[in-house]
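Novice: One structure, pasted below without further comment.
Please treat every number below as a calculation from the coordinates, not as lab data. Worth saying up front: this structure is predicted, and the values here are computed from it rather than measured. Reconstructed Cβ throughout: ideal geometry from the backbone, glycine too, with neighbour counts over all protein chains shown.
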Amino acid sequence: MTNKTANISHKLPSWFKQELPDMDKIRAMKGMFRKSKLHTVCESALCPNMGECWGAGVATFMILGDICTRACRFCAIKAGRPLAVDPNEPQEVAEAVKQLNLRYVVVTSVARDDLPDEGAEQFYQTITEIRKLMPQTKIEVLIPDFSNKMQSIERLIAARPDVVSHNIETVRRLSEYVRSKALHDRSLKVLRNFKRIAPDIITKSSFMVGMGEEHDDIEAVMKELVEAGVDILTIGQYLRPTGLKRHIPVEKFYTPSEFKFYKEFGEHTGFKYVESGPKVRSSFIAEEGYRRCIQILEAAYS
Ligand code: SF4
């Protein structure tokens, strides 16, 4: 599976060993995505968990094409001039959600700095189409920063997603080096604005470790996210996707006990739920984080 390709320069520690995935289920998923021409971040980003997720019939849909206007140094997704927006895509995503009978779906996208609304309308239409076909399905959107454009943020809120996720990706000190076209403070503003305008929508963020951050950097970014009102946090191990110069080397592999420490530190600091582990990615077992967060919110207000 993707592990070999996902990390070419280091021998992976033992804790990355994976169960053999359900290959029949994976072939069925591949067949469906090929026929529908839909993209998934699972494939485009060479996600190490694809076997496990697809084996369980879960995938993260990637809308707005598979070419990004940015080139973050940890991401395998192609960078360049994106293709035109596909007006049929929202409907096709909704039909795939129905075909997979998903209780919980994550929809993400590449960054589209080339569009006036940076893709907010396509997210709005996709959520709306899913709601028409699968009204019970919970919807998490993992969004780019829309350059913190208020019109785009309000358009997305109008679609009432259950969870709005925007990844801070790394610590403040490394942000410019790791994702030069993003801004650390702008990402915090985006998360803060969603919580300010729509306090009932759960917000979520994610960062990877292993790119050269120090312990104090990690604690600092977690406090910044709590101050921005973020409910759910995920922390995972960075894996170098290719040997290309664009992709930075892995500086350190964190142990499962270090990830456990940051989970406890995070929940002590104020997150309602923290998913932290070597294989954790923003949309990995995303439904579990959502359900736990809802339980905590219900307990707090009952
Ligand atoms: S914005 Fe960065 S992380 Fe997101 S798809 Fe583009 S290159 Fe990848």
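Novice: Roughly speaking, what % of Cα-Cα pairs in the stretch 5-95 are separated by over 18 Å, rounded to a whole number?
Specialist: 53 percent
Novice: Which number do you get for Rg(Cα) / (2.2 N^0.38 Å) in the chain?
Specialist: For the chain, the normalised Cα radius of gyration comes out at 0.93.
Novice: Local charge sum around E227 (other residues, Cβ-Cβ under 11 Å, Lys/Arg +1, Asp/Glu -1)?
Specialist: Computed value for this residue: +2.
Novice: Can you pick out the pairs among K35/K132; K30/K263; K98/K260 whose Cα atoms lie more than 25 Å from each other?
Specialist: With Cα atoms farther than 25 Å apart: K30/K263; K98/K260.
Novice: Which trypsin sites (Lys or Arg not before Pro) from the stretch 19-74 combine a DSSP loop assignment with at most 15 other Cβ atoms within 10 Å?
Specialist: K37
Novice: Still on this structure: Using amide H atoms built in the peptide plane, which far-off residues or other-chain residues are under 5 Å from A182 H to H?
Specialist: Long-range HN contacts for A182: none found.
Novice: Let me ask something else about it. Tell me, what HN-Hα J-couplings in whole Hz come from the Karplus equation 6.51 cos²θ - 1.76 cosθ + 1.60 at θ = phi - 60° for each residue of the stretch 62-79, using x for Gly and Pro?
Specialist: After applying 6.51 cos²θ - 1.76 cosθ + 1.60, I find 10, 9, 6, x, 10, 10, 9, 8, 10, 8, 4, 7, 10, 9, 7, 5, 4, 10 Hz.
Novice: I've got another one for you. By the scheme Lys and Arg +1, Asp and Glu -1, what is the net charge of all other residues having a beta-carbon under 14 Å from that of D66?
Specialist: +3
Novice: If you take every DSSP beta bridge whose two residues both sit in the chain, what share of them, in percent to the nearest 5, is antiparallel?
Specialist: Of those bridges, close to 5 percent are antiparallel.
Novice: What trypsin sites (Lys or Arg not before Pro) does the stretch 148-257 have in DSSP loop regions with at most 16 other beta carbons within 10 Å?
Specialist: In loop regions of the stretch 148-257 (DSSP not H, G, I, E or B), the sparsely surrounded trypsin sites (Lys or Arg not before Pro) are K149, K181, K245, R246, K252.
Novice: What are the residues whose amide H is under 5 Å from the amide H of I67, where those residues sit 5 or more places off or on another chain and H is modelled from the backbone?
Specialist: L83
Novice: Follow-up question, since we're still on this one. Mind jotting down the distance between the C-alpha centroids of the stretch 75-89 and the stretch 272-287, whole Å?
Specialist: Each part reduced to its Cα centre gives a spacing of 26 Å.
Novice: Continuing with this model, one more query. For the chain, set up a Gaussian network in which alpha carbons nearer than 10 Å are linked by springs, and say which option among L142, L133, L156 fluctuates the most.
Specialist: Most flexible of the set in this elastic network: L133.
Novice: Express the relative contact order of the stretch 54-301 as a whole percentage, based on alpha carbon pairs under 8 Å and six or more residues apart in sequence.
Specialist: 16 percent
Novice: Quick check for me: using +1 on Lys/Arg Cβ and -1 on Asp/Glu Cβ, what's the dipole size of the chain about its Cα centre, in debye to the nearest 20?
Specialist: The dipole of the chain has a size of about 680 debye.
Novice: Find the centroid of the Cα atoms in the stretch 97-144 and in the stretch 181-218, then give the distance between the two in whole Å.
Specialist: Their Cα centres are 20 Å away from one another.
Novice: Mind checking the stretch 145-221 for chymotrypsin sites (Phe, Trp or Tyr not before Pro) that DSSP puts in a loop (not H, G, I, E or B) and that have at most 12 other Cβ atoms within 10 Å?
Specialist: Hits after loop and neighbour filter: nothing returned.
Novice: Ok, one more. For T40, what residues show an amide H to amide H distance below 5 Å, using hydrogens built from the backbone and excluding near sequence neighbours?
Specialist: M62
Novice: With θ taken as phi - 60° and the coefficients 6.51, -1.76 and 1.60, list the Karplus ³J(HN,Hα) couplings across the stretch 104-114 in order, rounded to whole Hz; mark glycine and proline as x.
Specialist: With the stated coefficients, the stretch 104-114 comes to 9, 10, 10, 10, 10, 7, 6, 7, 10, 5, 7 Hz.
Novice: Step through the residues of the stretch 39-48 one at a time and calculate ³J(HN,Hα) from phi using the Karplus curve (6.51 cos²θ - 1.76 cosθ + 1.60, θ = phi - 60°), rounding each to whole Hz and writing x for Gly and Pro.
Specialist: Residue by residue, the stretch 39-48 yields 9, 10, 6, 3, 7, 4, 9, 6, 5, x Hz.
Novice: Taking the Cβ of A96 as the centre, find all other residues whose Cβ is under 13 Å away and add up their charges (Lys, Arg: +1; Asp, Glu: -1).
Specialist: Within the 13 Å Cβ shell, the charges total +1.
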